Number of protein chains: 2
Amino acid sequence: MTQTIEQREKTAGPQARVDTWLADFEGALAARDVERAAAMFATDCYWRDLVSFTWNLKTLEGRDAVAAMLRATLDEIDPSGFRTSEEPSEGGGVTEAWIEFDTAVGRGRGQLRLKEEGAWTLLTTLYELKGHEEPRGKGRPRGAEHGANRERETWSEKRVREAAELGYAAQPYALVVGGGQGGIALGARLRQLGVPTIIIDKRGRPGDQWRSRYTSLCLHDPVWYDHLPYLKFPENWPVFAPKDKIADWLESYTKIMELNYWTNTEATSARWDEGTREWTVEVERDGQPLVLRPKQLILATGMAGKPNVPAFPGMDRFRGEQHHSSAHPGPDAYAGKKVVVVGSNNSAFDICGALWEKGADVTMVQRSSSHIVKSDSLMDIGLGALYSEEAVASGMTTEKADMVFASLPYRIMHEFQIPLYDQMRERDKDFYDRLEAAGFDHDWGDDGSGLFMKYLRRGSGYYIDVGAAELVANGDVRLVGGQVKELTADSVVLQDGTTLPADLVVYATGYGSMNGWAADLISQEVADRVGKVWGLGSATTKDPGPWEGEQRNMWKPTQQESLWFHGGNLHQSRHYSLYLALQLKARFEGIPTPVYGLQEVHHLS
Amino acid sequence: MTQTIEQREKTAGPQARVDTWLADFEGALAARDVERAAAMFATDCYWRDLVSFTWNLKTLEGRDAVAAMLRATLDEIDPSGFRTSEEPSEGGGVTEAWIEFDTAVGRGRGQLRLKEEGAWTLLTTLYELKGHEEPRGKGRPRGAEHGANRERETWSEKRVREAAELGYAAQPYALVVGGGQGGIALGARLRQLGVPTIIIDKRGRPGDQWRSRYTSLCLHDPVWYDHLPYLKFPENWPVFAPKDKIADWLESYTKIMELNYWTNTEATSARWDEGTREWTVEVERDGQPLVLRPKQLILATGMAGKPNVPAFPGMDRFRGEQHHSSAHPGPDAYAGKKVVVVGSNNSAFDICGALWEKGADVTMVQRSSSHIVKSDSLMDIGLGALYSEEAVASGMTTEKADMVFASLPYRIMHEFQIPLYDQMRERDKDFYDRLEAAGFDHDWGDDGSGLFMKYLRRGSGYYIDVGAAELVANGDVRLVGGQVKELTADSVVLQDGTTLPADLVVYATGYGSMNGWAADLISQEVADRVGKVWGLGSATTKDPGPWEGEQRNMWKPTQQESLWFHGGNLHQSRHYSLYLALQLKARFEGIPTPVYGLQEVHHLS
């Protein structure tokens, strides 16, 4: 029988092959025949599930892991209706199909890659809960209430009342701490899903997270990669949005999406009550203390986490100015000044470049190797196929590009990345030669897989060059390698004795794990219980093993009930906010959400 | 030879038929053989040109008119490259094709409908000027300026400088008076085209045009019909946006599109100088007088024009409150009060309904017949094919829908409208029966062509029912027919002696022609030279002949050099702002714009 099917598959086209696989797969699942279902995967296989089977973000690697997951989830999930949503394609021995399916409580989309032996990769994602579909398209709200109604409350009256009541007369179900793009994107999704939510941010206006940064800052990712949910940037939007423009966009978006966004509000403490199963969060809004009691607490305070400020001897006796890069006000006050920037990644380069432009005398201290790619090369080679004007023209939507991206298992993602960075190395050979001739210690990641894997693994260790690397290569920005020994009253001294006179020292020394936010807001005990946030467990520099398969603690349940971490770049804020929002919505509606494979904690920070 | 071509056309498919026609047409144009080109049209034919051939909005009716236009324009326009942009379709003896073409200075799009005898309708429109393409899609701005540059001016620095200089150190090329959706849409297009423009509005915030109106107001047109250029409403946008929501959208849009929008600014006088060929416009900005010297002056102060406040005897002795509907603050202050609303069109109904909801004792005075359609019926029957979720699902874009709409010649548009209103009459028969039983004097337009033709012809005489008509039908809002004779200290008295006690009288008595704005701002002489604005010359009620073929004075050159009128509903503001913007851009760049068939003036107002 198996022989016959294989024969048929070999001769049939991709559509028939996929249809057969899906029908057989569904049959095995319906019969709860876990062994048969698992055997339909290749020996080397990856099933990535985003919330639809596991109520978790989970990649199952190998048939045993697939079988174990199915055994635990099948009865509750009761999947059915597997079908293709467009015609499958074939190439290089892999048949690729976009699929849809149902679960007991929701509707899913996914992607399947079949090899001769069976399924190589399977992506399953939940996109809506039955009976709780978002009001969009055909289901969009009506707006006007036709008819005459003496109890009428207009849109603005309702909005004003809701805004006045939420947090006072009515408690939010979800409290999002941090109102950058992450908090805003999640807030927009929760708004659509009807989950009462407050977003709080200590700054004065939505977008101030960007406005407050150095003047010349522009997004390093291009517009096609950066769309927020529901409302895309207009087609005249710049490729790399200047920071004040993206700030204004976020502010408008917050208003258009009718978010309950509290500015000038800081959370000072949070405590989980096992009895009432709710958080007690003390906040100060416009200086007034207030207690909120949300059921869910989401930290969206920045995936970069808390600033790592180094502790060098002599920092207390240094008479100039010194600050972490996150507090750097921009170059305007430093024309003609001597500036030492400690660090050699994104912030360090951008700050060095802006200072040089304003006429400062700038020295960069490189303490460890760093990875640089030219922005144009990254765009053309790294992102072009999914996120570019050409991709749009060829019918690639943002949503589909996100799914393609999500379909690549983290375990093998570097294999797809290495050849791209080999291309970049080739294309920009002159640049790298000059940079290294200037003494720069350059790397391509532990396994040559470049920038994006560094981002996913450690969130640091790179610079997307928009110009400042050239200043280092040509010596306009002085480069010194080595470790800082101490500061004197007016200089930075390295271990080798090099003395760098300084009016200003900028510590572009990076950030800690996001669970540092939890330590500050809740307790060290909860931060330790949750453990390190971000990274894959790839056993590469700054991303210790064991292998996790997904990014630690991001957008999924943690070891602390009802505590969540959200954030990342605009792409991640957009895409993963959907899965986090659906997890929260299900809990809000009392839909059972049995979490399969809650991650274990291997590292405290 | 002709026989052979006809034979071939009959047997060939629509693509071949259209290709042949386009090739022959282009050949005739290239040979400047005007007679041959005109003979390719049917006897009953309509060629509507939006700026591409005529630098005007012009519908040519009949072969002679086609020939005359071609004789006057061909050498300058030098059209070429006629081709289909998608596969033509055929039905009911008409072959329909979407086309593209080039002119000497620009690129055009259009639509062709072929009958057996030849072209029945042809739409030609200009969509961009060569060498002046909008920076969008592949041509979008880069945003970040990569590289190190000591002269760098950031986006926000540049924006701040430009905003500070324009109107002071630098003069705007175009001054748009009125910052509602019309002024904003035009401003956005001019911004993209790089034409220095200031939009002025007397109100405090963009969107206040909507905010300041009565509380319950929602758009009467649905979302699919209402998009602005470049940035579409998100898919969760309500079908009928509440007024404060659309107001907030306009405010965000103004910011996102980086318009130079001056709030709290009123133009007090304007004068055209023949010598310098520029306007001298006195404005007050935040109370400070200032003189602007734009080359082009655009009145976008509302297609409704200035309020028609009637002059009834006794208005001076009336001791209650009285105001025009445009000044009506909403119902909140009038609970329990006696209100007489004079008028029976949109504003009258909406105001009556809102007053009734707040518990006022409301009487509507109907002075002449009016036309009512149910909002749902108008949506389903009147707009559904082009502007609806179903239309979007079937691949109809807003831009294409606008072109389909533009392709129907005004001369025969009513023929397409009459059957739609016949359907509505049938569908809502019960409603109309009840309404007439209540004494309402209802009409369907002079020729039964309903609401949209009334809008185009006279801009008045109808109500899109969102509920208030039911209150009139069931007597909750009292209906009285007749003419107002006078006001007493506390009542409105009709010609038949009926006395209506009143604490408040609302004059929902409509608006004058937009050239009234020109009279106020410039002079009565210029207003008279320009003549009546709006209407088609259909020789129906309030739209006297002779036939004009296009809406008088809207979006096209007028008898006053460099004076333009812009506005209309959101659909018109969106679509026609393109053609007005291209006319202004061409003049800004010094591209010759010989206007064919400048309209004559037949009516002063």
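The values are calculated or read from the model by the stated rules, or taken from the named source; none is laboratory data. Just so you know, these numbers come straight off a predicted model, no measurement behind them. Here Cβ is always computed from backbone atoms with ideal geometry, including for glycine, and neighbour counts include all displayed protein chains. All accessible areas refer to the heavy atoms of the entire protein, side chains included, with ligands and DNA or RNA removed. Shrake-Rupley method; radii C 1.70, N 1.55, O 1.52, S 1.80 Å.
So here's what we get for this one:
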| item | result |
| --- | --- |
| Qualifying position, being out of contact with any strand residue (DSSP E or B) (no Cβ under 8 Å at 6 or more places or on another chain) and crowded, with 18+ Cβ neighbours inside 10 Å, among B:Gln417, B:Gln366 | B:Gln417 |
| Some residue of segment A:336-347 being more than 16 Å from A:Asp226 (Cα to Cα), more than 13 Å from every other protein chain (Cβ to nearest Cβ) and modelled with pLDDT under 95 | yes |
| Breaking point among (1) under 29 Å from the mean Cα position of the chain (by Cα); (2) open to solvent by 40 Å² or more (accessible area, probe 1.4 Å), for B:Glu162 | (1) |
| Selection status of B:Phe405, away from chain A (no Cβ under 14 Å), farther than 30 Å from B:Asp496 by Cβ, in contact with a Leu (Cβ under 8 Å, 6 or more places away or on another chain) and free of Cβ contacts under 8 Å to residues at least 60 places away in the same chain | no |
| Whichever residue in segment A:453-468 is modelled with pLDDT of 95 or more and part of a helix (DSSP H, G or I) and, among such residues, is farthest from the other protein chains (Cβ to nearest Cβ) | A:Arg457 |
| Tally, over segment A:556-572, of residues that are open to solvent by less than 30 Å² (accessible area, probe 1.4 Å), touching a residue at least 60 places away in the same chain (Cβ under 8 Å) and under 22 Å from A:Lys295 (Cα atoms) | 9 |
| Unmet requirement for B:Gly445, which otherwise passes all of (1) in contact with a helix residue (DSSP H, G or I) (Cβ under 9 Å, 6 or more places away or on another chain); (2) at negative phi | (2) |
| Number of the exception - A:Asp476 against (1) modelled with pLDDT of 95 or more; (2) buried (at least 20 other Cβ atoms within 10 Å of the Cβ); (3) within 14 Å of chain B (Cβ to nearest Cβ) | (2) |
| B:Gly131 vs. criteria in a loop (DSSP other than H, G, I, E, B), on the phi > 0 side of the Ramachandran plot, of a type in the set (Gly, Ala, Ser) and within 9 Å of chain A (Cβ to nearest Cβ) | no |
| Hits in segment B:240-259 - residues which are touching a Lys or Arg at 6+ places or on another chain (Cβ under 8 Å) and either within 19 Å of A:Lys232 (Cα to Cα) or in contact (Cβ under 8 Å) with a residue 40 or more places away in the chain (or both) | B:Phe240, B:Ala247, B:Asp248, B:Glu251, B:Ser252, B:Met257, B:Glu258, B:Leu259 |
| Residues satisfying the stated conditions in segment B:12-49, i.e. free of Cβ contacts under 8 Å to residues at least 40 places away in the same chain, closer than 17 Å to B:Phe101 by Cβ and over 33 Å from the mean Cα position of the chain (by Cα) | B:Thr20, B:Asp24, B:Gly27, B:Ala28, B:Ala31 |
| Cβ-Cβ under 6 Å pairs, at least 6 apart or on other chains, segment B:465-477 side more than 13 Å from B:Arg434 (Cα to Cα), far side among the aliphatic types (A, V, I, L, M) and modelled with pLDDT under 95 | B:Val466/A:Ala144; B:Gly467/A:Ala148 |
| Subset of segment A:181-198 (residues that are crowded, with 24+ Cβ neighbours inside 10 Å and away from every other protein chain (no Cβ under 12 Å)) | A:Gln181, A:Gly182, A:Gly183, A:Ile184, A:Ala185, A:Leu186, A:Gly187, A:Leu190, A:Thr197, A:Ile198 |
| Within segment B:326-356, considering residues that are within 15 Å of A:Gly147 (Cα to Cα) and in contact with a Leu (Cβ under 9 Å, 6 or more places away or on another chain), the one surrounded by the most Cβ atoms within 10 Å (Cβ to Cβ) | B:Cys352 |
| Residue satisfying condition, being away from chain A (no Cβ under 14 Å), of a type outside the set (A, V, I, L, M, F, W, C) and open to solvent by less than 40 Å² (accessible area, probe 1.4 Å), within set B:Gly93, B:Gly143, B:Gly81 | B:Gly81 |
| Residues located in segment A:119-136, provided they are in contact with a strand residue (DSSP E or B) (Cβ under 9 Å, 6 or more places away or on another chain) and open to solvent by 10 Å² or more (accessible area, probe 1.4 Å) | A:Trp120, A:Tyr127, A:Glu128, A:Lys130, A:His132, A:Glu133, A:Glu134 |
| Qualifying residue in segment A:37-45 (condition: open to solvent by 10 Å² or more (accessible area, probe 1.4 Å), modelled with pLDDT of 95 or more and under 18 Å from A:Arg411 (Cβ atoms)) | yes |
| Of all residues making up segment B:295-307, the number that are at positive phi and open to solvent by less than 10 Å² (accessible area, probe 1.4 Å) | 1 |
| Residue that is nearest to A:Leu570 (Cα to Cα) [pool: residues in segment A:295-333 that are part of a loop (DSSP other than H, G, I, E, B) and β-branched (Val, Ile, Thr)] | A:Thr301 |
| Set B:Val195, B:Val223, B:Val239: member being under 18 Å from the mean Cα position of the chain (by Cα) and β-branched (Val, Ile, Thr) | B:Val223 |
| Complete set of residues in segment A:199-222 that are within 12 Å of another protein chain (Cβ to nearest Cβ) and either at pLDDT 95 or above or farther than 30 Å from B:Pro135 by Cβ (or both) | A:Pro206, A:Gly207 |
